[in-house]
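The next block holds one structure in the form of structure tokens; read it before the comments.
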Amino acid sequence: MAEQRFDGKVAWITGGANGFGAGVARRLSGLGARVAISDIDADNGEQVAKEVDGAFVRCDVTSYDENVAAVAQVVDTFGKLDVAFLNAGIATGVGIGDDFDLTRYRLAMGVNLDGVAFGMQAALTAMAERGGQIVATASLAGLTATPFDPFYGANKHAVVGLVRAVGAAYADKGIHVNAICPGFADTNIVSPEARDALDSIGVPLLPVDRVVDAFMSAITSGEGGQCWYIQPGRDSEPFRFRNVPGPRDETGARVSEHAGDVQSTLTERGAH
């Protein structure tokens with residue numbers, strides 16, 4: 001089955017100098033999209049941009065101002081923004097105990113969470129009048145406990161929660177916000193030590209193309225607020241979250257069959 005074409009569409013990709021970002025840039029470019037690559041790695045970022053006949057826009061995603069400026073430059077260069085892939089990410093490398101390091105903690109949260117929040121806000125503003133697609137790179141670490149790297153799990157859980165909330169809020173505005181949640185993949189974020197450990201227990205690394213395939217599924221699904229898990233040997237699909245148990249009265253009886261809907265509506269409106 002032929003992939004959907006993106007002729008005339010404009011995509012902005014953070015963390016586009018290598019890994020998932022570069023893979024998505026190549027796929028979208030091959031399907032007719034114009035692509036803008038953002039990264040702090042100017043050498044590789046410019047190389048990928050040249051390869052896909054796109055543009056390189058340097059952006060430190062930890063900076064709100066640089067995200068806003070990058071999106072403004074994309075719109076100025078190409079006239080619009082249709083797809084945003086908020087993909088920049090780093091390994092945390094810091095624990096909660098004696099190995100805690102505030103500088104490394106702030107950097108990891110800045111890249112992995114702030115970078116998604118700031119990029120999402122800038123992209124939503126650019127897409128307000130025409131709609132679009134936003135995909136954030138989360139992780140399986142955002143869907144399960146990660147005792148080996150608690151802060152990485154924390155910022156990826158935050159990305160999952162942000163995507164689910166914003167996806168629900170913007171679904172009727174023509175902007176679909178989703179996340180991809182890959183397991184361990186063949187990118188620079190997986191250290192040699194982790195590769196050896198995974199190999200010793202027979203866990204294969206995900207090829208980058210598998211993650212790119214899931215990204216394409218997300219932006220062509222017509223849905224928002226979904227978190228697509230990606231595991232070796234399994235078809236990727238949205239993760240099915242359990243609903244939060246509904247309220248009961250003092251007798252233990254259900255308050256109302258519509259209580260969950262009302263509670264969700266109040267949450268969306270900011271009531272507490």
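The values are calculated or read from the model by the stated rules, or taken from the named source; none is laboratory data. Computed from a prediction, not measured in an experiment: that's the story for all the values here. Please note: Cβ atoms are built from the backbone with ideal geometry, for glycine as well, and neighbour counts cover all protein chains shown.
Conditions tested, residue by residue: (1) within 17 Å of residue 64 (Cα to Cα); (2) in contact (Cβ under 8 Å) with a residue 24 or more places away in the chain; (3) touching a His at 6+ places or on another chain (Cβ under 6 Å); (4) surrounded by fewer than 18 Cβ atoms within 10 Å (Cβ to Cβ).
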| residue | (1), (2), (3), (4) |
| --- | --- |
| 98 | no, no, no, yes |
| 108 | yes, yes, no, no |
| 115 | yes, yes, no, no |
| 123 | yes, yes, no, no |
| 129 | no, no, no, yes |
| 135 | no, yes, no, no |
| 144 | no, no, no, yes |
| 153 | no, no, no, no |
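Given the residues 55, 2, 91, which is the only one that is surrounded by fewer than 23 Cβ atoms within 10 Å (Cβ to Cβ) and within 24 Å of residue 151 (Cα to Cα)?
Unique residue meeting the criteria: 91.
Being in a loop (DSSP other than H, G, I, E, B) and closer than 22 Å to residue 213 by Cα: is that true of residue 134 here?
Against the criterion (in a loop (DSSP other than H, G, I, E, B) and closer than 22 Å to residue 213 by Cα), residue 134 does not qualify.
Being of a type in the set (A, V, I, L, M) and buried (at least 16 other Cβ atoms within 10 Å of the Cβ) is the filter; apply it to region 32-52 and report the residue that is nearest to residue 105 (Cα to Cα).
Among them, the one singled out is 40.
Out of the residues in region 67-88 that are in contact with a helix residue (DSSP H, G or I) (Cβ under 8 Å, 6 or more places away or on another chain) and charged (D, E, K, R), state the one that is surrounded by the most Cβ atoms within 10 Å (Cβ to Cβ).
82
Take residues that are in the same structural domain as residue 152 (by TED's automatic domain parsing) and over 16 Å from residue 120 (Cα atoms) and tell me which of the strands (runs of 3 or more DSSP E) falling wholly in region 1-88 contain 2 or more.
34-38
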